[in-house]
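The values are calculated or read from the model by the stated rules, or taken from the named source; none is laboratory data. Nothing here was measured: the structure is a model prediction, and the numbers come from that model. Ideal geometry is used to build each Cβ from the backbone, glycine not excepted, and the neighbour counts take in all protein chains shown. Calculation scope for accessible area: heavy atoms of the full protein, side chains included, ligands and nucleic acids excluded. Shrake-Rupley method; radii C 1.70, N 1.55, O 1.52, S 1.80 Å.
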Amino acid sequence: MPDQRLPIFPLNVVLFPGTTMPLHLFEPRYRQLLKDIQNGDSRFGILTGISGVAERDLPSGRMGCVAEVTEAEVMPDGRANIVVTGRERFALDSFVDDDAPYNVAEVSFVADRAGTNAVALAVASDDVAQNFRRVVKAVHLLNGEQSVMPTLPDDPVQLPWSIAAMIDVDLTQRYQLLAERSPAARLSSVDGILKRVLPDLELRAAIAQNNR
């Protein structure tokens with residue numbers, strides 16, 4: 001996609017492509033942003049913030065994700081609850097002067113690097129999906145819940161983002177997954193997170209089950 005100008009919502013969150021996120025809009029500038037984009041393509045950019053760094057001081061190259069509003073509930077006082085779906089990734093080029101009360105920036109869209117082996121990706125994807133299912137099963141056993149597995153995408157490129165959106169991962173790791181341009185590296189990172197928690201989770205789940 002060509003580079004373009006986007007309304008920008010800096011937040012201390014990471015939105016991944018192909019995943020959804022609920023947001024509550026209460027600041028007047030973001031209420032206006034919602035009105036403006038609803039008259040257009042319903043898209044804006046969520047730019048991951050940096051602790052202690054002012055919005056307009058975020059550096060060039062900082063990564064974000066295009067958010068498309070797919071649900072919106074506007075309250076009588078102007079506040080809104082929305083659901084957004086992540087679309088393309090982008091890198092911040094620069095903030096620009098604009099009459100809008102919210103930030104606007106020139107951005108460059110970011111794609112994965114070419115040359116990934118499709119067979120190797122498929123094998124790694126199967127392993128990650130299996131480890132995720134083991135984590136979900138263990139958590140359900142711990143909580144005494146019926147194990148209903150979340151639906152996972154078949155696409156190995158999308159899989160690590162979808163899983164990362166469902167598990168407890170800190171902001172730094174989430175940002176690294178967003179910025180990583182190698183699908184194989186993303187799969188490896190998510191697999192590492194799952195493997196670190198699996199032994200303890202499965203042990204605790206087995207003990208809980210035996211004690212019931």
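Ligands, DNA and RNA are left out, and with a 1.4 angstrom probe the accessible area of segment 81-212 is 53 Å² per residue.
Based on C-alpha pairs under 8 angstrom that are at least 6 apart in sequence, the chain has a relative contact order of 23 percent.
Here the spin labels are modelled as points 7 Å beyond Cα on the Cα-Cβ line, and at residue 91 and residue 11 they lie 2.4 nm apart. In this Cβ point-charge picture (+1 for Lys and Arg, -1 for Asp and Glu), the chain has a dipole of about 660 debye about its Cα centre. When all protein chains stay in place and ligands, DNA and RNA are ignored, the 1.4 Å accessible-area order of 31, 89, largest first, is 31, 89.
For the chain, what ratio Rg/Rh do Cα atoms give with a Kirkwood hydrodynamic radius? Each step should come with its number before you reach the end.
Values: Rg = 19.4 Å, Rh = 18.9 Å.
Expressed as Rg/Rh, it is 1.03.
Think of the chain as having a plus end and a minus end, set by charges on the Cβ of Lys, Arg, Asp and Glu; of 125, 208, 160, 208 sits farthest toward the positive end of this dipole. Evaluate the distance, in nm, between pseudo-label points positioned 7 Å from the Cα of residue 106 and of residue 4 along their respective Cα→Cβ axes. About 1.7 nm, to one decimal. Accessible surface of residue 93, taken over heavy atoms with a 1.4 Å probe and every protein chain present, rounds to 60 Å². Karplus-derived 3J(HN,Hα) values for segment 98-111, using 6.51 cos²θ - 1.76 cosθ + 1.60 with θ = phi - 60°, are 7, 6, 5, x, 9, 6, 10, 9, 7, 10, 10, 6, 10, 10 Hz; glycine and proline are entered as x. Could you tell me whether segment 63-110 comes out rounded, prolate or oblate from its Cα gyration tensor? Rule is a ≥ b ≥ c as square roots of the eigenvalues, rounded for a/c under 1.5, then prolate if a/b exceeds b/c, otherwise oblate. In terms of gyration-tensor shape, oblate. For the peptides 113-119, 153-159, the ranking by packing is 153-159, 113-119, with the highest mean count of neighbouring Cβ atoms within 10 Å listed first.
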